[in-house]
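S.K.: Below you'll find the structure I mean.
The values are calculated or read from the model by the stated rules, or taken from the named source; none is laboratory data. The structure displayed is predicted, hence computed values, not measured ones. So basically every Cβ, Gly included, is an ideal-geometry build from the backbone, and we count neighbours across all protein chains shown. Accessible surface areas use protein heavy atoms only, side chains included; no ligands, DNA or RNA. Shrake-Rupley method; radii C 1.70, N 1.55, O 1.52, S 1.80 Å.
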Amino acid sequence: MYTKSRTFIGALMAASLLGGAALADETVKVGIIGPFSGGFVGSFGEPFRQGVETFVAQHGDPMPGVKVELIWRDLPGTDPAAAKAKTLELVTKDKAQYIGGFVFTPNAMAAAPVSEQGKVPIVIFNASASSVVSKSKYFVRTSNTLPQVTVPTAKNALEKGYKSVITLVSDYSPGHDAETAFTKTFSEGGGKVLESIRMPLTTTDFSAYLQNVALKKPDALFVFLPYGPPTYAFVRGYRDNGLDKAGIAFIGTSETQESDLQTLGDAAIGLETGYFYSAAHDSPENKAFVAKLKELYPKAEANPATVSAYDGMHAIYEMIRATGGKPDADKAIAAVAGKSWESPRGPISIDAKTRDIVQNVYIRKVEKGADGRLLNREIKTFEKQPDYGAMK
């Protein structure tokens with residue numbers, strides 16, 4: 001009897017242990033690649049981290065029994081070889097099931113073969129050249145493309161009655177996309193592009209370009225620049241060279257985004273840009289997002305990079321839920337393609353065919369708020385904008 005009792009109790013303990021093992025939380029590893037050091041940490045690295053961690057703090061685990069482990073990989077600048085190596089390391093060494101991030105288009109492009117061959121979904125938090133998502137069937141984007149924000153910006157310029165424009169863009173793939181989209185839309189609408197100027201990414205003094213614009217006296221200039229110091233120099237140059245006083249309007253996209261806005265200072269007041277997010281967006285979702293962000297990071301500025309990473313984590317959670325936390329890239333992508341939700345930026349969806357984001361684009365005007373800080377006031381909405389670059 002004693003032996004039988006011990007055997008029975010032992011069996012119960014074994015069953016209990018087995019049950020405990022079965023109920024143990026499964027961990028899904030998610031790699032995030034971004035500039036967590038160097039010159040772009042404030043514009044993208046910190047916002048990526050803040051957006052991801054704000055989403056996790058708001059929503060907890062993806063599902064019962066499944067937790068997420070975040071693995072951060074630093075990629076300070078444009079370096080395709082390093083991008084591919086870091087992606088490969090995350091997949092082979094760290095066993096990451098999902099990857100998010102990527103600021104620069106060349107880096108995202110370099111990661112595509114790893115995503116494709118390893119069957120690892122990658123959510124693009126920024127890289128905005130139209131062609132990026134087409135490079136791997138396991139790519140999804142939650143930021144924007146340049147044509148997506150530029151086409152409505154050009155339409156708005158036509159609606160404002162501008163007849164002539166000079167375009168000035170940074171000389172790399174996203175700048176080329178912006179130039180092409182603006183020129184095509186503005187020209188087809190009856191406007192005239194007097195000149196298209198491409199400026200080296202290393203440019204820090206824009207005086208010669210702006211003086212050229214002043215001499216040719218267009219109704220407006222359309223500009224595309226990367227975040228950070230180039231934008232500060234250009235906006236101040238626009239004022240210092242008297243283009244505003246000459247009646248030459250400024251048309252932009254991301255140049256007044258929030259991580260740069262306070263640094264731009266009063267030179268930015270009155271500038272109009274077309275983009276997919278403003279921290280001043282008036283919705284319950286945005287208010288909750290900004291409140292949680294400020295709770296976690298009191299000095300943070302909610303900006304497009306933050307909300308792109310936030311929604312990127314939302315997409316990853318959707319894929320984890322659809323697969324029960326198990327590796328199944330095809331099922332994961334199928335689950336998020338065609339998915340819609342209410343983001344802090346407004347209603348968004350992932351196009352079922354292209355896996356690119358569809359979203360509102362807002363015309364924003366820089367104003368000084370009641371607290372003395374600058375903000376992007378939304379003054380017009382172009383709803384449900386696709387990637388026009390994929391519609392050639």
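S.K.: Full extension from D94 to L194: what is 0.36 nm times the residue separation minus their Cα-Cα distance, to one decimal in nm?
M.R.: Details: separation 100, 0.36 × 100 = 36.00 nm, distance 5.22 nm.
Extra length from D94 to L194 when fully extended: 30.8 nm.
S.K.: Now for a different question. Is any residue of the range 67-100 close enough, with backbone N under 14 Å, to a label point placed 7 angstrom from the Cα of D25 along the Cα-Cβ axis, and if so, which?
M.R.: 67-70, by backbone N distance to the label point.
S.K.: Might you tell me the accessible area per residue for the chain, computed with a 1.4 Å probe and given in Å²?
M.R.: Working: 16370 Å² over 392 residues.
Accessible area per residue, the chain: 42 Å².
S.K.: Same structure, new question: Tell me, Kirkwood radius of the range 267-392 from alpha-carbon pair distances, in Å?
M.R.: Averaging 1/r across every pair of different Cα atoms and inverting gives 16.1 Å.
S.K.: Which shape class, rounded, prolate or oblate, goes with the range 258-324 when its Cα gyration tensor gives a ≥ b ≥ c as root eigenvalues, a/c under 1.5 marks rounded, and past that a/b bigger than b/c marks prolate?
M.R.: prolate
S.K.: Calculate one ³J(HN,Hα) per residue across the range 284-289 by plugging θ = phi - 60° into the Karplus curve 6.51 cos²θ - 1.76 cosθ + 1.60, and present them in order as whole Hz with x for glycine and proline.
M.R.: x, 5, 5, 4, 5, 4
S.K.: Please list, in order along the range 33-40, the HN-Hα scalar couplings obtained from phi with the Karplus expression 6.51 cos²θ - 1.76 cosθ + 1.60 (θ = phi - 60°), rounded to whole Hz, x for Gly and Pro.
M.R.: Computed from phi, the couplings for the range 33-40 are 10, x, x, 8, 8, x, x, 10 Hz.
S.K.: Rg(Cα) of the chain divided by 2.2 N^0.38 Å?
M.R.: Against the empirical 2.2 N^0.38 Å value, I get 1.11 for the chain.
S.K.: Just how much of E53 is accessible, in Å², when a 1.4 Å probe is used and the result is rounded to the nearest 10?
M.R.: Taking all protein chains as shown, E53 has close to 60 Å².
S.K.: Still on this structure, I have one more. I need the phi-derived Karplus couplings for the range 97-106: 6.51 cos²θ - 1.76 cosθ + 1.60, θ = phi - 60°, integer Hz, Gly and Pro marked x.
M.R.: Per-residue couplings from phi come out as 7, 9, 9, x, x, 6, 7, 9, 3, x Hz.
S.K.: In nanometres, what is the gap between the two model label sites at D282 and E69, each 7 Å from Cα along Cα-to-Cβ?
M.R.: It is 4.6 nm.
S.K.: Can you give the net charge of the other residues whose Cβ lies under 13 Å from the Cβ of P347, counting K and R as +1 and D and E as -1?
M.R.: Overall, the nearby charge balance is -1.
S.K.: Here's another thing I want to ask about it. State the percentage of accessible surface on the chain attributable to carbon and sulfur atoms; use a 1.4 Å probe and exclude ligands, DNA and RNA.
M.R.: After summing per-atom areas, the C and S share lands at 55 percent.
S.K.: Would you work out the Kirkwood radius for the range 193-264? I mean one over the mean of 1/r across all pairs of different Cα atoms, in Å. All intermediate terms of the calculation are to be shown ahead of the outcome.
M.R.: Values: mean 1/r = 0.0800 Å⁻¹.
So the Kirkwood estimate lands at 12.5 Å.
S.K.: Considering only DSSP beta bridges whose two residues both sit in the chain, what percent are antiparallel, to the nearest 5?
M.R.: In the chain, approximately 35 percent of DSSP beta bridges are antiparallel ones.
S.K.: Hey, another quick one. Send over the per residue convex hull volume for the range 94-209, Cα only, as a whole number of Å³. Could the numbers behind the result be given before it?
M.R.: On the way: hull volume 12.9 nm³, N = 116.
Looking at the range 94-209, the number lands at 111 Å³ per residue.
S.K.: Can you send over the solvent-accessible area of M109, 1.4 Å probe, protein chains only, in Å² to the nearest 10?
M.R.: 60 Å²
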